[in-house]
Amino acid sequence: MLECEYCKKLEKYNFGDFIFKTKYWIVFLAPQQSNIGTCVVALNRHEEDLSGLKCDEWLEFGELVFKLEFAVKQCFDVTMSNWGSLMNASYLEEPPDPHVHWHYIPRYNHAVEFEGLLFEDPYFGTMKSRPFRSLPDRVRKRIINNIKNKIPTTSIHSHP
C-alpha cells in the first residue's frame, strides 16, 4: 500500500494501517483503537518540528481536519474530536528521530457497537489514558473502508 520510499520509512514509526494520502499528508488508522476511529496523520516529507511546516501544508492540514472529522463522525457518531501533536517517544531514542504527525482521537459520550464489538469511552471529558486495544484485521479493514467511503471529495472552501 505504501509505495514511495518515504512512505516505507514511515512504517518504522508504526503509525498504523494506511487509509489514504493527500499531497502533503498520510492518514493511518492508529494501532490503539480504544476509541474507534483513532487515526494518525503524518507529514509525507521529513520534518522534525511544527514550525518547519510550509503554508500549503498547514492549509491542506486544515482541509484534512474537516474531512477526517466529518468522515469519522458519519461512521461512528463522534461526540467531539481531540487533536494532538505528541512526539515525545521520538526523544527516547538515541539519536532522536522525530517526525511531524498528529493524533486524531474521536471522543464519545455514548457506547458504539461495530462488528459485534462494543467501544466505550468511560473517561469522556478527561485526558485519562486508556488501556491499549488492538482489533482483528477484518475489523480494522472495515473501519478503514468505512472512513474512506465517507471522506468528502470537495474542499471545505466549497461549503458555506
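The values are calculated or read from the model by the stated rules, or taken from the named source; none is laboratory data. Values in this document were obtained by computation on a predicted structure and should not be read as measured data. When we count neighbours, we look across all protein chains shown, and the Cβ atoms used for this are built from the backbone with ideal geometry, even at glycine. For the accessible areas, the whole protein counts, side chains as well, though only heavy atoms, and no ligand, DNA or RNA atoms are used. Shrake-Rupley method; radii C 1.70, N 1.55, O 1.52, S 1.80 Å.
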- Could you figure out which of (1) open to solvent by 90 Å² or more (accessible area, probe 1.4 Å); (2) in contact with a Pro (Cβ under 8 Å, 6 or more places away or on another chain) isn't true of PHE76? (1)
- Run MET1 past the list (1) modelled with pLDDT of 90 or more; (2) farther than 14 Å from PRO98 by Cα and report the number of the one that doesn't hold. (1)
- Does segment 117-135 include one or more residues that are in contact with a Pro (Cβ under 7 Å, 6 or more places away or on another chain) and at negative phi? yes
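Here is a yes/no grid of residues against (1) within 22 Å of ASN146 (Cβ to Cβ); (2) of a type in the set (A, V, I, L, M):
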site	(1), (2)
GLU60	no, no
GLU69	yes, no
PHE76	yes, no
LEU86	no, yes
SER129	no, no
- Message: Can you tell me which condition GLU94 does not meet? The list is (1) closer than 23 Å to PHE61 by Cβ; (2) open to solvent by 20 Å² or more (accessible area, probe 1.4 Å); (3) not basic (Lys, Arg), and all the others hold.
- Response: (1)
- Query: Is at least one residue of segment 76-99 aliphatic (A, V, I, L, M), free of Cβ contacts under 8 Å to residues at least 24 places away in the same chain, out of contact with any Lys or Arg (no Cβ under 9 Å at 6 or more places or on another chain) and closer than 24 Å to ARG142 by Cβ?
  - Reply: no
- Query: When residues of segment 36-53 are filtered for being touching a residue at least 24 places away in the same chain (Cβ under 8 Å) and open to solvent by 10 Å² or more (accessible area, probe 1.4 Å), how many remain?
  - Reply: 10
- Message: Consider segment 45-81. How many of its residues are at pLDDT below 95 and not in a helix (DSSP H, G or I)?
- Response: 5
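Output the residue which, of all residues in segment 122-145 that are over 15 Å from PHE28 (Cβ atoms) and outside any loop (DSSP other than H, G, I, E, B), is least open to solvent (accessible area, probe 1.4 Å). Let's see the steps before the verdict.
Kept after step one, since they are over 15 Å from PHE28 (Cβ atoms), are these residues of segment 122-145: 122-133, 136, 138-139, 142.
Imposing the further condition that a residue be outside any loop (DSSP other than H, G, I, E, B) reduces the set to 138-139, 142.
Details: ARG138: 138, VAL139: 0, ARG142: 105 Å².
Among those residues, the one meeting the criterion is VAL139.
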- Go through (1) touching a Phe, Trp or Tyr at 6+ places or on another chain (Cβ under 6 Å); (2) over 16 Å from THR38 (Cα atoms) and name the single condition TRP102 misses. (2)
